[in-house]
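Chemist: Take this structure first; my questions come after.
The values are calculated or read from the model by the stated rules, or taken from the named source; none is laboratory data. Since we're looking at a predicted model, the values are computed, not measured. Glycine also receives a Cβ, built like all others from the backbone with ideal geometry; neighbour counts cover every protein chain displayed. Accessible surface areas use protein heavy atoms only, side chains included; no ligands, DNA or RNA. Shrake-Rupley method; radii C 1.70, N 1.55, O 1.52, S 1.80 Å.
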Amino acid sequence: MKRFRLRAGRAAVSAVPALWLLLFFAVPFLIVLKISVSGMRLGMPPYEPLFTWATSLVLDLRIHLDNYAFLWQDPLYRNAYLNSLRVAAVSTLLCLLFGYPLAWGIARANPAWRNLLLLLIMLPFWTSFLLRVYAWIGILKNNGLINNTLLALGVIDEPIVMLQTDFAVYLGIVYSYLPFMVLPLYAAIEKLDMTLLEAAADLGCRPFRAFLTITVPLTWSGIVAGSLLVFIPAVGEFVIPALLGGPDSLMIGRVLWEEFFNNRDWPVASAVAIAMLVLLVVPIMVFQHVQGREGAVR
Amino acid sequence: MSNARPDQRTEARQDTRAEPYVRLERVTRKFGDFVAVDDVSLQIRRGEIFCLLGGSGCGKTTLLRMLAGFEQPTSGSIWIDGVDVTGLPPYERPVNMMFQSYALFPHMTVEQNVAFGLRQDRIPRAEIKERAGAMLELVRMREFAGRKPHQLSGGQRQRVALARSLVKRPKLLLLDEPLAALDKKLRQHTQFELINIQETLGVTFVVVTHDQEEAMTLASRIGVMNHGEIIQVGTPTDIYEYPNSRFVADFIGSVNLFEGRLVEDEPDYVRIASDELGGAFYISHGVSAAPGAVVWVALRPEKIQISREQPEGDGDNRIAGVVAEIAYLGDQSVYLVRLASGRQVRVTQPNIVRQGSAGRITWDEAVWLSWDATSPVVVTQ
């Protein structure tokens, strides 16, 4: 009896997230999947129903895979996917490059300062993400903060075009996602036993080599977690390329938006979304695998 | 202090005329206002086991870390085998360290850990494998070569750490509390193993420890530290039998300290009157202090005889008292004897006769304490 109650309690606790995932992930996903294999039509809703009654007794099921074939054939989508992956990969590397020293500095700072520094890392979250990206427009535009300052100082004669370039997109993504890189890195570095680095130095290992052979392997879980936390949302990023990028910085999130709202082609838009999801599941599974292995070692 | 005393182990392992191998010259290390190591000059000979002994915060670890190169002296210089290493980073010193926590690399196997130091020196692979294997053989860990550190017991990790720190054949091996993480039985066993390995390889050891028993067993010489200063350097026998201060006498082993006044000071003996004792000490060695000066007499508990009968002879070096407390420790018993002055004296006697036999001294008995004229030591500071 007691045992049963225990099991019931456990089931109740795990039912909450399970229900959440069912309602807000599985059901919408199935709806999108359904739309992605439907045919397009003009009207409301702008797609054909999957099931129709051919006669009063025969149920007619029509699956349109041509939406996916269309994605594959039209270079626009392929380029958008590839470009998204490239932008996300470069941004992830940049975040790692800036984030690692930052996380190291915080983890090795005086304990009294450490919490304050962490708070500063998280401080930007107190303002809306959208507002912060808008603010960059004011900073980067031709008569924005940077150009006006440089013009006033006489460093340049005409404004440097920064807004609506790839540079602005990278800047926006790195700026927005850096905290997601720093926090897992901090957690990993903070756990690193500094006497291991002393032991390495004592055994004749120079600092840079010690970094590669001791520090990187032992903070690998933080590197992987931070990279995925930046990479995955960066692939599907819509706001930053839309606001800071130029017309040629084609990313899949923007294509999705245009397909959905401008072309009103819901089936193709859904197919784009499903393809993106599949594209992202691969790195997530890699992450899970690495985490699982780490768990086994410790 | 240089009287020949029968201490064969010490004599076998050191040559007193040898040139100093490691030399610290007026080394000071400050952390802000705190002086961790205060003007220490020290000479360590080739092939000896030198112990730095002291309580926590006495500066012994800072001194060790300066030898390793993890800390830089605020002033002073450090020489190893005739080379000034003061400014050298750890990875350029011919010194290796065995860390208190062992600091084994958790993501590497035992063999990779031991080979790590050799791999830094661009030694051919075959030679690395051979030397790492030989070192693992020496510490009897060869069969565990493929394990990761978390799969080993504490004693096994300690042996891997030792192998890793010895594999580069350092000129000097530093050991930070090498046995602190082991349980008592294993510790006693490992102490002798360490000495054996040291004698096999001939490497100079500097050991930091707070455990005086560990220092006494391992060391050929001990440096006792307090408040960043070295108080006394000497063989274990010197330190125990001839402490130069109340601090050393009290820190090493247990001791009865009596405050007294120098009443007779001759070249071959002194008499010291002590109110605490309620009598006088007659000590058969001279002291360099002014007559009438306040001195302290250190008397080890095991050097006191306890008996019911009044000892024969004249009146010094004896005192009557009452047994206040007895602690039976198996191999020996500790007696706390209260004197007429109210002072309690600690006396230990080996239990030659089986406990429970008739005729043993018991609680509240009136007893006489007596000691030899060579037993007490006079300390002036």
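Chemist: Since residue B:162 meets every condition but one in (1) modelled with pLDDT of 95 or more; (2) buried (at least 20 other Cβ atoms within 10 Å of the Cβ), which condition does it not meet?
Modeler: (1)
Chemist: Among B:82, B:59, which is open to solvent by less than 20 Å² (accessible area, probe 1.4 Å) and out of contact with any Phe, Trp or Tyr (no Cβ under 8 Å at 6 or more places or on another chain)?
Modeler: On the way: B:82 fails: open to solvent by less than 20 Å² (accessible area, probe 1.4 Å).
The conditions single out B:59.
Chemist: Further question on the same structure: Of (1) in contact with a helix residue (DSSP H, G or I) (Cβ under 6 Å, 6 or more places away or on another chain); (2) open to solvent by 90 Å² or more (accessible area, probe 1.4 Å); (3) of a type outside the set (A, V, I, L, M), residue A:51 satisfies all except one. Which?
Modeler: (1)
Chemist: Can you confirm whether residue A:198 is among the charged types (D, E, K, R) and surrounded by 15 or more Cβ atoms within 10 Å (Cβ to Cβ)? Show your work before the answer.
Modeler: On the way: among the charged types (D, E, K, R): yes; surrounded by 15 or more Cβ atoms within 10 Å (Cβ to Cβ): yes.
Here the answer is yes, as residue A:198 does meet what is asked.
Chemist: Identify, by number, the condition in (1) out of contact with any Phe, Trp or Tyr (no Cβ under 7 Å at 6 or more places or on another chain); (2) modelled with pLDDT under 95; (3) open to solvent by less than 70 Å² (accessible area, probe 1.4 Å) that residue B:19 doesn't meet.
Modeler: Every listed condition holds for residue B:19 apart from (3).
Chemist: Looking at region B:307-330, which of the residues that are touching a Phe, Trp or Tyr at 6+ places or on another chain (Cβ under 6 Å) and among the small types (Gly, Ala, Ser) is surrounded by the fewest Cβ atoms within 10 Å (Cβ to Cβ)?
Modeler: Restricting to residues being touching a Phe, Trp or Tyr at 6+ places or on another chain (Cβ under 6 Å) and among the small types (Gly, Ala, Ser), the top hit is B:307.
Chemist: Which helices (runs of 4 or more DSSP H) does region B:74-174 wholly contain that include 2 or more residues that are over 24 Å from residue B:44 (Cα atoms), among the basic types (Lys, Arg) and more than 14 Å from every other protein chain (Cβ to nearest Cβ)? Walk me through it before giving the result.
Modeler: Values: elements: B:110-119, B:125-138, B:154-166.
Ranges flagged: B:125-138.
Each row is one residue, and each column tells you yes or no for (1) in contact with a helix residue (DSSP H, G or I) (Cβ under 8 Å, 6 or more places away or on another chain); (2) in a loop (DSSP other than H, G, I, E, B); (3) not basic (Lys, Arg).
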position	(1), (2), (3)
A:11	no, no, yes
A:15	no, no, yes
A:26	no, no, yes
A:42	no, yes, yes
A:90	yes, no, yes
A:96	yes, no, yes
A:99	yes, no, yes
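Chemist: Restricting attention to region B:211-229, does a residue exist that is in contact (Cβ under 8 Å) with a residue 60 or more places away in the chain, more than 23 Å from residue B:36 (Cβ to Cβ) and among the β-branched types (Val, Ile, Thr)?
Modeler: no
Chemist: Where in region A:107-185 are there helices (runs of 4 or more DSSP H), lying fully within it, with 2 or more residues that are touching a Ser or Thr at 6+ places or on another chain (Cβ under 8 Å)? Full working, then the answer.
Modeler: Working: elements: A:111-122, A:129-140, A:145-153.
Answer list for region A:107-185: A:129-140.
Chemist: Counting only residues that are of a type outside the set (S, T, N, Q) and in a helix (DSSP H, G or I), how many does region B:175-192 have?
Modeler: Selection size over region B:175-192: 6.
Chemist: Residues A:195, A:127, A:149: which one is at negative phi and within 11 Å of chain B (Cβ to nearest Cβ)?
Modeler: Result of the check over A:195, A:127, A:149: A:195.
Chemist: Right, here's the next one. For residue B:105, all conditions in the list (1) in contact with a Gly (Cβ under 9 Å, 6 or more places away or on another chain); (2) of a type outside the set (Ser, Thr, Tyr); (3) crowded, with 16+ Cβ neighbours inside 10 Å hold save one; what is the number of the exception?
Modeler: (1)
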